[in-house]
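A quick write-up on the structure given underneath.
The values are calculated or read from the model by the stated rules, or taken from the named source; none is laboratory data. Keep in mind it's a predicted model, so treat the numbers as computed, not measured. For neighbour counting, all protein chains shown are included, and Cβ atoms are generated from backbone atoms with ideal geometry for every residue, glycine included. Ligands, DNA and RNA are stripped out before the accessible areas are found, and what is left, the full protein with its side chains, is counted by its heavy atoms. Shrake-Rupley method; radii C 1.70, N 1.55, O 1.52, S 1.80 Å.
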Amino acid sequence: MALIVQKYGGTSVANPERIGNVARRVARHKALGHQLVIVVSAMSGETNRLISLAKEVMPKPNPRELDVLVATGEQVTIALLSMALMELGVKAKSYTGSQVSIVTDSAHTKARILKIDEERIRKDLDDGYVVVVAGFQGMDEHGDITTLGRGGSDTTGVALAAALRADECQIYTDVDGVYTTDPRIVPEARRLKSVTFEEMLEMASLGSKVLQIRAVEFAGKYKVKLRVLSSFEEEGEGTLITFEDDHNMEQPIISGIAFNRDEAKVTVLGVPDRPGIAYQILGPVAEANVDVDIIIQNIAADGTTDFTFTVHENDLQKTLELLRTKVQGNIGAREVIGEDKTAKVSLVGVGMRSHVGIASKMFQALAEEGINIQMISTSEIKISVVIDEKYMELAVRVLHKAFGLEEV
């Protein structure tokens, strides 16, 4: 008998029929003797509907009241799933985040979990209940409802698994695991049997949408075994996200290719080459709550430099306006320019640590297709390049083939 936390996303519980399918799956696991905690998201599209309602009443909704509103989405799902389980003869109880004391900080709409009191859940499990918990939400120390931000149900599932010391946390989604890259771009993409937390963290941060990055961080910190499975397939082992010291796992040089088409490039031209200039440029950008990714600085012969960095394309205009009005004149830069037709493509793999020539092979494959590399960033287990957005899908296909990722 194992204690398993299962999380089901919005598409898995999108309507009563799918909720019934989830209930039958849970009932089968329960019949095997397992103790089960089920975490669910709101029904597909419900959170967006509630946010739209809020904006009709208040164009910039009050964060506290917005949390009160959107948290109702999951409350609907937990009650319906519990009823569906009862209809199958399975004892079930539903709880909101506040009822099981998922305590967060007070950062409304993007709260972080501080602690969980698992006592109530353990008692119900011991009494033979399936416990159904609302994902994405908790309460702060003042008793106010909080939400964890988009994808927060993944984090709820992992946090409950950590608090309960569960044997496994299973994330059910609309894909049957983690693939070498997006199968919609590369039909030959292969499902990975296992991947390390480090690799999954890189993939999540680089644009892979399978798991929320905070959930992966949480799982790695508390050593929670994670498995990604499809809620639309009856069988399958999915992908196990585990630790590098698990000697049974496959360790190819490259595990996957991540990509992000939401990149934008900002260049500050003719910047004086002197100490502190990078802070003078990026300090105000950070204060404006803009995330900066890849950074490159070149030194020209005349003692000036060009300073280039990438941001999310949604932040491009804000960043350009900020730099032109508050930074350019202060530092004596010649010009600030931006480009939003860029994309980032990344190779990820723990095998890079012990293999040389990965970067040169990557650059050669792209050069043979006439794809120009605008920026490069590397870490121990990742190489990222920024390229023209129109070449992104070609680059992913070429690299997938060059590194033989379709091979078992």
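Expressed as a fraction of 2.2 N^0.38 Å, the rule-of-thumb size for a compact globular protein of N residues, what is the C-alpha radius of gyration of region 87-139? Write out the running numbers ahead of the final one.
Values: Rg = 12.7 Å, N = 53, 2.2 N^0.38 = 9.9 Å.
Taking the Cα Rg and dividing by 2.2 N^0.38 Å, one obtains 1.28.
Once R0 is set to 56 Å, what does the formula 1/(1 + (r/R0)^6) return for the Cβ-Cβ distance between Arg24 and Ile376, expressed as a FRET efficiency to the nearest 0.05?
The pair Arg24/Ile376 has a calculated efficiency of 0.70.
Please list 229-235, 199-205 highest first by mean number of surrounding beta-carbon atoms within 10 Å per residue.
Working: 229-235: 14.4, 199-205: 23.9.
Result, highest mean Cβ count within 10 Å first: 199-205, 229-235.
Computed over the Cα atoms of region 1-69, what is the ratio Rg over Rh, Rh following Kirkwood? Each step should come with its number before you reach the end.
Values: Rg = 16.4 Å, Rh = 14.0 Å.
Result: Rg/Rh = 1.17.
In deg cm²/dmol and to the nearest 500, what is the mean residue ellipticity at 222 nm of the chain if only DSSP H runs of at least 4 residues count, each as -39500 (n - 2.57), divided by the residue total? Working shown, then result.
Working: 13 runs with 136 residues, N = 408.
The per-residue figure over the chain is -10000 deg cm²/dmol.
Helix 358-368 against the longest principal axis of the chain: what's the angle in degrees, Cα atoms only, rounded to the nearest 10?
70
Keeping the other protein chains in place, figure out the carbon and sulfur percent of the accessible area of region 74-227, with a 1.4 Å probe. Intermediate values should be presented prior to the final figure.
Numbers: 3180 of 6520 Å².
In region 74-227, the share of accessible area belonging to carbon and sulfur is 49 percent.
With the other protein chains left in place, how much accessible area per residue, in square angstrom, belongs to the chain at a 1.4 angstrom probe?
Working: 19140 Å² over 408 residues.
Each residue of the chain exposes 47 Å² on average to a 1.4 Å probe.
What FRET efficiency comes out for Ile337 versus Gln99 if R0 is 56 angstrom and r is the Cβ-Cβ distance? Round to the nearest 0.05. Please report the intermediate quantities before stating the final value.
On the way: r = 53 Å, r/R0 = 0.94.
For R0 = 56 Å, the calculated efficiency reads 0.60.
How big is the equivalent ellipsoid of region 279-328 along its three axes, where each semi-axis is √(5λ) from the Cα gyration tensor, reported in whole Å from largest to smallest?
Working: eigenvalues 82, 31, 18 Å².
Taking √(5λ) for each Cα gyration eigenvalue gives 20, 12, 9 Å.
Provide the net charge surrounding Thr109, with neighbours chosen by a C-beta distance below 15 Å and charges set as Lys +1, Arg +1, Asp -1, Glu -1.
In short, +1.
If you roll a 1.4 Å probe over region 250-408 with all protein chains in place, what percent of the accessible area is carbon or sulfur? Can you show the working numbers first?
Working: 3710 of 7830 Å².
It is 47 percent, rounded to a whole number.
Viscosity 1.002 mPa s, temperature 20 °C: Stokes-Einstein D of region 251-408 from its Kirkwood Cα radius, in µm² per second?
Details: Rh = 16.8 Å.
The estimated diffusion coefficient comes to 127 µm²/s.
Suppose R0 equals 35 Å. What FRET efficiency, 1/(1 + (r/R0)^6) with r the Cβ-Cβ distance, do Val292 and Lys91 give to the nearest 0.05?
Working: r = 51 Å, r/R0 = 1.45.
My answer for the efficiency is 0.10.
Once you order the gyration tensor axes a ≥ b ≥ c over the Cα atoms, which shape class does region 61-192 get: rounded for a/c under 1.5, otherwise prolate or oblate by comparing a/b with b/c?
Details: a/c = 1.76, a/b = 1.22, b/c = 1.45.
Since a/c reaches 1.5 but b/c is at least a/b, the shape of region 61-192 is classed as oblate.
For Lys265, go through the lysines and keep the ones whose alpha-carbon is under 19 Å away, minus same-chain ones fewer than eight residues off.
Lys318, Lys326, Lys341, Lys344, Lys390
Beyond 26 Å, what percent of the Cα pairs of the chain remain?
60
Tally Lys/Arg at +1 and Asp/Glu at -1 over every other residue whose Cβ is under 12 Å from the Cβ of Ser230; what's the total?
Working: positive: Arg25, Arg191, Arg227; negative: Asp174, Asp176, Glu233, Glu234, Glu235, Glu237.
Net charge in that neighbourhood comes out at -3.
At 0.36 nm per residue, and after removing the present C-alpha to C-alpha distance, how many nm does the segment from Glu233 to Glu406 gain when stretched out fully?
Values: separation 173, 0.36 × 173 = 62.28 nm, distance 2.21 nm.
Once the chain is fully extended between Glu233 and Glu406, it gains 60.1 nm.
Within 11 Å, Cβ to Cβ, of Pro272, how many net charges do the neighbouring residues add up to if Lys/Arg are +1 and Asp/Glu are -1? Each step should come with its number before you reach the end.
Working: positive: Arg274, Arg334; negative: Asp273, Asp302.
Residues close to Pro272 contribute a combined charge of 0.
Do any of Lys115/Lys193; Lys115/Lys221; Lys361/Lys382; Lys7/Lys93 go past 25 Å between their Cα atoms, and which? Write out the running numbers ahead of the final one.
Values: Lys115/Lys193 32 Å; Lys115/Lys221 14 Å; Lys361/Lys382 14 Å; Lys7/Lys93 16 Å.
Those over the limit are Lys115/Lys193.
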